[in-house]
Amino acid sequence: MSTTFLIALFLHIASLLAAFGAAGIMLLCNLKLRAAKTGADAFTWGIVAGKTPLVFPIASLGLFLTGAYMTSKAPGDAWGWGSGWIIASLVGLIAINVEGKILGDRHGKEMREALKANGPGPLSAHVREVANSRLGWILTIASPALVLGALWNMLTGAQGSPPSLGHAFLNVAVAWAIGAGIGIWIQSKAPAAAPEAAPSAVAS
Ligand code: HEM
């Protein structure tokens, strides 16, 4: 393995770690936003949740560029652009970026506007609804889950037991579906409305 190839593999895995670090921060922010009792409690988590998704396209570009290099320099033509495990992982990576850009950005904007309208006082029913939206939870868990499916494709592909194209797509699709199921489960476990929110709900 040449030094350049090794550096590309190192950066490939560093990009993956960056994406997972950001996914962990998003999970924490979303749990904290959901558990917050006042706008003041939620504010910092809302700011971090608004900025962290910037990491995803950068880490994805890192994965793609380093992956593209390693695809074109496969030792002894062991793999190439026609390999199912590479095609399915690339398509999966593009899919979650498009999903994040369209649905994730819309959800983030809704959260920002709801927090702004709420101010520092007790959290309104609307903020709690946005903080526990089914779509938000599906995005938070299903996207990193798909990446785990791609990780499985990568390990089996690079270690010499590559899955077929259909199997590789099934791996990422099943991983996404399991993640979506876990997201829906977390959404169903919303904590009861905070008692502090009750007076404002009665007053309004
Ligand atoms: C979708 C998320 C991805 C994840 C989680 C991921 C993860 C990994 C990991 C952990 C390895 C090391 C495997 C091993 O050495 O046993 C690897 C290798 C590799 N990846 Fe990815 N990767 C992803 C996307 C991509 C993309 C989009 C491409 C191509 C454009 C790509 C091309 C490669 C190649 C060619 C190797 C083999 C290098 C080697 O191990 O010798 N990867 N990937």
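Just a few scattered comments:
- Site pair Asp105 and Ile178 shows an inter-label distance of 3.1 nm when each label is modelled 7 Å from Cα along Cα→Cβ.
- Over the residues of the chain, the helix contribution to mean residue ellipticity at 222 nm works out to -26000 deg cm²/dmol, using -39500 (n - 2.57) for each DSSP H run of at least 4.
- Ordering Gly50, Leu115, Ser2 by the projection of their Cα atoms onto the charge dipole of the chain, which places +1 on the Cβ of Lys and Arg and -1 on the Cβ of Asp and Glu, puts Leu115 at the extreme positive end.
- Accessible area in the full protein assembly, largest first, 1.4 Å probe, for Thr38, Thr3: Thr3, Thr38
- Acute angle (nearest 10 degrees) that the helix 134-158 long axis makes with the longest principal axis of the chain, alpha-carbon atoms: 20
- If you take all other residues with their beta carbon under 10 Å from the beta carbon of Leu33, and give Lys and Arg +1 and Asp and Glu -1, the sum is +2.
- Set of lysines with alpha-carbon distance to Lys109 below 16 Å, sequence-local pairs under 8 removed: Lys51, Lys101
- Stokes-Einstein diffusion coefficient of region 116-190, Kirkwood radius over Cα pairs, 37 °C, 0.692 mPa s, in µm²/s: 232
- Evaluated at q = 0.14 Å⁻¹: base-10 log I(q)/I(0), Debye formula over Cα of the chain: -0.81
- When +1 charges are put on Lys and Arg Cβ atoms and -1 charges on Asp and Glu Cβ atoms, the dipole computed for the chain relative to its Cα centre reaches about 300 debye.
- Approximate spin-label separation Ala35-Leu54, in nm, with each point projected 7 Å along Cα-to-Cβ: 2.7
The values are calculated or read from the model by the stated rules, or taken from the named source; none is laboratory data. From a predicted model like this one, the values you see are computed outputs, not experimental measurements. Heads up, the Cβs are rebuilt from the backbone with ideal geometry, glycines too, and the neighbour counts pull from every protein chain shown. These area figures cover heavy atoms from the full protein model, side chains too; ligands, DNA and RNA do not enter into them. Shrake-Rupley method; radii C 1.70, N 1.55, O 1.52, S 1.80 Å.
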